[in-house]
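The values are calculated or read from the model by the stated rules, or taken from the named source; none is laboratory data. As the structure is a prediction and not an experimental result, all values here were calculated from the model. Don't worry about glycine lacking a Cβ; one is built from the backbone with ideal geometry, like all the others, and counts go over all protein chains shown.
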Amino acid sequence: MTAFLAIFYKECLHIVRDRRALAAALLLPFVQLMLFGFAIQLDVRNVELGLVDHDRTPASRALVEQICADGAIRVSRRVADEDAMETLLDRGIVRIGLVIPAGFEHRRHAGVDAPIQLLVDGADASFAGQALGHVGGSLQHGMANEIRQTVRVAGGPERLPGIHLRTRVLYNEALNGTWFIIPGLIAVLLVMLAAMLTSQCVAREYEEDTIEQILISPVSGPVLMLGKLLPYIGVGVAQVITVTMAAVFVFGVPIRGSLVLLSIATLLYLAGAMALGLMLSAVLKSQQVALQISLVATMLPSLLLSGFLFPIENMHPILQALSWLIPARYYIAITRGMFLKGTGLAVLWPEFLAMVLFCTVMLALATSRFRSTLS
Amino acid sequence: MMFSFRRMAAVARKELRHILRDHRMRPVLFIVPVMQLIILGYAANMDVDHVKMMVVDHDRSPVSREVAQRLDAGVAFDVVEITEYEADAERALDAGDAEVAILLPPGLARGLARAEAVDVPMWLDGTDSNRGTIAQTYAETILAGISADHLPARQAPIGRADPRVRVLYNPALRSRWFMVPGVVVMVLAVVTSLLSAMAIVKEREKGTIEQLVVTPIRPAELIAGKLLPFVGIGLFIAALVTVAAIIVFGVPFRGSFLDLVLMCLVFLMSTLGVGLLGSTLAQTQQQAMLAVFLVLMPSFLLGGVFYPISNMPGWAQTLANLTPVRYFIEIVRALFLKGAGLDVLAADAAALAAIGLVVLGVATFRFRKRSA
Amino acid sequence: MSGLAVDARGLVKRFGGFTAVDRVDVRVERGAIFGFLGANGAGKTTVIRMLCGLLAPTAGSALVDGEDVLRHPDLVKARIGYMAQKFSLYDDLTAMENIQFFADAYLVPRALIAERTADLLDGTGLRGREHAFTGTLSAGIKQRLALACALIHQPRILFLDEPTAGVDPLSRRVFWRRIHELRTQGTTVFVTTHHLDEAENCTEVMFMQAGRTVALGAPRQLRQEHQLPDGRLPSLEEVFLAACATGEAGP
């Protein structure tokens, strides 16, 4: 017991003395959350549209108004013809262009479909998809309103015949992009910092040659590991609390699920990530490399394969399978479920199970690594 | 005393040997690019399709069945289950088994036949707001089509504006074509910034820097010599990734390779500058790593590698405009997909060069102060 | 060649509120072996760094090999040899590569490199092992290699900062034999150490304590100055302790 306390205390001292690292560990997640939470917006805005209007009638002007109605899109350049428009797109001056052919109004009033051309810069595929969707949506709504107006004026029924879709949005009623990003962001930030912090601690001993002294002392593997791990978990908990408070109070993300369950999941996640860091630290006897590998091992997969940036369903089957190996995947599912949906164990038990498994396996691996170096 | 190329070359040669002989650096040099390439090439897909849908059919008519069929038919939706009970839909949405539930009311068929307005509720999982919004548009379009088909034919009071879309440079809007050029940028930035910072700090940590400073080697020669190997390594890796992008992922490269090399060199000014700057702020290697990493991560997320910059609020856009990544990713995408020439790239290249000079300048200044 | 090898007057170095070097004069004749002794933290390393152009003094002046260190540190660096406290060679480079590096750093004329390298390898006993990684060599051999690299450009003045730290006594003896050899060739050697027995090797020694000079002179002369009441000559260690006890002394 005393051995454990001694190790625990020593590790705490290490942490507290490395002021820069400690400050970074506590402030970083918070700062990054603020930065990305506000900066990353999934909703389309500030879109600059290039316009070629061969028709120049009230109808064509009305069309442009419809598209720009919600303020997300605005006309920034008007050019004379399609060639000029393509030049604009080539040079990246605008990313989307509208060409209204002559006769647009005429065709519409005749009750016939009037084609218009949308040119979009596909190099930025994510933007293109969003912008097109947005334009399409605006057009649809605009036209539906128009038709309703015309019908009403002509004395027709108040509501048009046909299917009217009544959408009720669940969990994220305002379709707030930030609410979607934040839980995922928390997962990504935490795992990276957790692994980075711990990956240094054993390797540091190796590099400073104090590992000999520790190995000689009659401390068992698990005790050594636990003693080293707990202080970092403490730091991790501090990180989680700051970040969650920011999420709730600054961004207004609701926590609809059980706080207790969320805390348990978070502890499992932290413990697992830190055990991973410890294991790497023990395996690679150099802080620098341990840090690098832990970055690579945790950051990339967490960012890319966990469902944070890209939906897992869209991925190549092999990568979907691989994503099962990434704890961030489970944690993100849990955080999104618990923050926004208010779901509990009934639904999330597979993810919880996976977290427990990950945590246990990592701790076991880290311990066995220590044991093998002790013998 | 004049700048001596011989001394600088000696430093560069020494550095290169250090890097190549650090057998633990080697896997990282190769693993990082390959991993990012594979993941971004195969995983990155932001298209909204195959949205999982539950159909609650209270009508149970040929029309309702047809609706379900047509919703399932395209790529937009995958109907996972057709049920009679709302509770099933609720459960599916909570569990994430479905993202959308559409409730076909009793009297759907009748209402359409009588040319009445029929309300069809849809429950939408708003967690992924982007996906949700687009799914909503899809549903509206498909249902509007069904309506039109089932209503007695009538003259439309006014014609619709019918958008024909032409997508330039990436007609199929393949996410991969968008993401993979980003890998070139990220890999180059990560490898060169991180490793250069660490290499410099390592020297200081080991204490061998004193032996260097006492020689006639000038700070400028030292800096240049330390950074030069990373230029070579950076270009080599960028070349590897580009070749992989073209051959393995089929991303077209329509510009000039020479332009790419040139632009990489300009970008390297910034990344190496960041590495050098990071090394002056840190006392240990992991501090250096953290410092560089802290600069890189935000610059990727904010720089337009994943999310369009135009979406961001004004202040974030200003921040983005200060990062070299933002310009370089534009340039690389333009080179790959648009076949842009230097005349088009000039503005971005100039910005990139300006930032690079500033960063390198500040970094060099700080480094000299420290070693003096 | 005339003039002093090293002529430093009134050197002061302050770090914030702490005075590491307090008005120290250093005058070294050409061809001397000047020993710089004192406990850790006495200021020896700070002085040597100031003389080598590594650190700018807060006050005072220094001429090394006739050049003003404050105004032309680059010129000074080209003319002196320096062996750092931990004789920092690059462990992951071979002996040959280390030599080549320093030869380039000092712009040794290419025509002369082969010859000097050969001499160097023979002198240090590394012939045949020149392609071994420096990290695999023993401390004694590394020390000899470091010294050789410091001499590759045949400097007239050699600064050695605790060169025998962590080296076995036999290698130490070999090392000092080499130093005497250098002296006969006309090189001035300036060495810091905290091994008092090594001080016997020097033509002149200076004791430092807490940033000040507490004793200065040839070893024999110092021992005679501090002759004990019973007529015995004290060891240098006793001289040093006595000098520290009385505080500042010297010319």
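Just to be sure I understand the filter: pairs with C-beta atoms under 8 Å, separated by 6 or more residues or on different chains, first member in segment A:16-28 and within 12 Å of chain B (Cβ to nearest Cβ) and free of Cβ contacts under 8 Å to residues at least 12 places away in the same chain, second member part of a helix (DSSP H, G or I) and polar (S, T, N, Q). Which pairs pass? Hits for this filter: A:Arg20/B:Gln287. Applying the criterion of being within 8 Å of chain B (Cβ to nearest Cβ) and part of a loop (DSSP other than H, G, I, E, B) to the residues of segment A:37-70, the residue that is farthest from the chain's Cα centre (by Cα) is A:Asn46.
Kindly establish whether B:Phe236 is assigned by TED's automatic domain parsing to the domain that holds B:Phe178 and either in contact (Cβ under 8 Å) with a residue 24 or more places away in the chain or crowded, with 22+ Cβ neighbours inside 10 Å (or both). Break it down stepwise before answering.
Working: assigned by TED's automatic domain parsing to the domain that holds B:Phe178: yes; either in contact (Cβ under 8 Å) with a residue 24 or more places away in the chain or crowded, with 22+ Cβ neighbours inside 10 Å (or both): no.
When the stated conditions are applied, B:Phe236 does not pass them.
Restricting attention to segment B:184-228, the residues being within 28 Å of the chain's Cα centre (by Cα) and more than 14 Å from chain C (Cβ to nearest Cβ) number 17.
Show me the helices (runs of 4 or more DSSP H) found entirely inside segment A:280-375 where at least 3 residues are modelled with pLDDT of 80 or more. Working first, answer last.
Numbers: elements: A:287-304, A:317-323, A:327-336, A:345-374.
Answer list for segment A:280-375: A:317-323, A:327-336, A:345-374.
For segment B:289-347, the set of residues classified as aromatic (Phe, Trp, Tyr) and either outside the structural domain of B:Val185 (by TED's automatic domain parsing) or assigned to a helix (DSSP H, G or I) (or both) consists of B:Phe293, B:Phe300, B:Trp315, B:Tyr327, B:Phe328, B:Phe336, listed by residue number.
Scanning segment B:133-141 for any residue that is in a loop (DSSP other than H, G, I, E, B), without any contact (Cβ under 8 Å) to a residue 12 or more places away in the chain and over 20 Å from the mean Cα position of the chain (by Cα) turns up nothing. Among the criteria (1) of a type outside the set (S, T, N, Q); (2) under 25 Å from B:Gly159 (Cα atoms); (3) out of contact with any Asp or Glu (no Cβ under 7 Å at 6 or more places or on another chain), the one A:Asp90 does not fulfil is (2).
Mind listing just one residue for me: the one in segment B:88-107 that is modelled with pLDDT of 90 or more and more than 20 Å from A:Glu173 (Cα to Cα) and, of those, surrounded by the fewest Cβ atoms within 10 Å (Cβ to Cβ)? Per the stated criteria, the residue is B:Pro106.
Restricting segment B:84-101 to residues that are out of contact with any helix residue (DSSP H, G or I) (no Cβ under 7 Å at 6 or more places or on another chain) and closer than 19 Å to B:Arg60 by Cα, the residue that is farthest from the other protein chains (Cβ to nearest Cβ) is B:Glu84.
When B:Thr323, B:Thr318 are checked against the criterion of being among the hydroxyl-bearing types (Ser, Thr, Tyr), under 19 Å from B:Gly182 (Cα atoms) and more than 13 Å from the chain's Cα centre (by Cα), B:Thr323 stands alone in meeting it.
Selection of segment C:91-110 for residues being more than 18 Å from C:Leu160 (Cα to Cα) and among the aromatic types (Phe, Trp, Tyr) yields only C:Phe101.
The residues in segment B:118-145 that are over 27 Å from A:Val253 (Cα atoms) and modelled with pLDDT of 85 or more can be counted, and the count is 8.
Say whether the condition of being more than 7 Å from every other protein chain (Cβ to nearest Cβ), within 19 Å of B:Ala161 (Cβ to Cβ), in contact (Cβ under 8 Å) with a residue 12 or more places away in the chain and under 30 Å from the mean Cα position of the chain (by Cα) is met by at least one residue in segment A:105-121. No: segment A:105-121 contains no residue that is more than 7 Å from every other protein chain (Cβ to nearest Cβ), within 19 Å of B:Ala161 (Cβ to Cβ), in contact (Cβ under 8 Å) with a residue 12 or more places away in the chain and under 30 Å from the mean Cα position of the chain (by Cα). Considering the conditions (1) in contact (Cβ under 8 Å) with a residue 60 or more places away in the chain; (2) closer than 18 Å to B:Asp49 by Cα, B:Asp78 is excluded by exactly one of them, (1).
Just one of the numbered conditions (1) more than 8 Å from every other protein chain (Cβ to nearest Cβ); (2) assigned to a helix (DSSP H, G or I) is not true of B:Arg17: (1).
Quick one: would you say C:Leu145 is surrounded by fewer than 23 Cβ atoms within 10 Å (Cβ to Cβ), within 21 Å of B:Glu210 (Cα to Cα), hydrophobic (A, V, I, L, M, F, W, C) and touching a residue at least 40 places away in the same chain (Cβ under 8 Å)? So C:Leu145 fails the test. Filtered by the rule that a residue be hydroxyl-bearing (Ser, Thr, Tyr) and either under 18 Å from A:Ile326 (Cα atoms) or within 21 Å of the chain's Cα centre (by Cα) (or both), segment A:258-277 gives A:Ser263, A:Thr266, A:Tyr269. Say whether the condition of being facing chain A (nearest Cβ under 7 Å), surrounded by 15 or more Cβ atoms within 10 Å (Cβ to Cβ) and farther than 30 Å from B:Leu337 by Cα is met by at least one residue in segment B:127-138. Yes, there is a match, as at least one residue in segment B:127-138 is facing chain A (nearest Cβ under 7 Å), surrounded by 15 or more Cβ atoms within 10 Å (Cβ to Cβ) and farther than 30 Å from B:Leu337 by Cα. Give the residues of segment A:142-166 that are loosely packed, with under 12 Cβ neighbours inside 10 Å and more than 7 Å from chain B (Cβ to nearest Cβ), sorted by residue number. Result: A:Val153, A:Gly155, A:Glu158. For segment C:83-142, filtered to residues that are over 23 Å from C:Trp176 (Cβ atoms) and of a type in the set (Asp, Glu), the residue that is surrounded by the fewest Cβ atoms within 10 Å (Cβ to Cβ) is C:Glu115. Of all residues in segment B:24-75, those that are charged (D, E, K, R), closer than 25 Å to B:Leu173 by Cβ and at the interface with another protein chain (Cβ under 9 Å from one of its Cβ atoms) total 3. Checked against the criterion of being assigned to a helix (DSSP H, G or I), at pLDDT 90 or above, in contact with a strand residue (DSSP E or B) (Cβ under 7 Å, 6 or more places away or on another chain) and surrounded by 19 or more Cβ atoms within 10 Å (Cβ to Cβ), segment B:70-87 has at least one qualifying residue. Taken as a whole, the structure places A:Phe180 among residues that are surrounded by 24 or more Cβ atoms within 10 Å (Cβ to Cβ) and either at pLDDT below 80 or in contact with a helix residue (DSSP H, G or I) (Cβ under 9 Å, 6 or more places away or on another chain) (or both). Of all residues in segment C:152-175, those that are surrounded by 22 or more Cβ atoms within 10 Å (Cβ to Cβ), aliphatic (A, V, I, L, M) and in a loop (DSSP other than H, G, I, E, B) total 1.
Note on segment C:50-90: among residues that are touching a residue at least 24 places away in the same chain (Cβ under 8 Å) and in a helix (DSSP H, G or I), the one that is farthest from C:Pro155 (Cα to Cα) is C:Met50.
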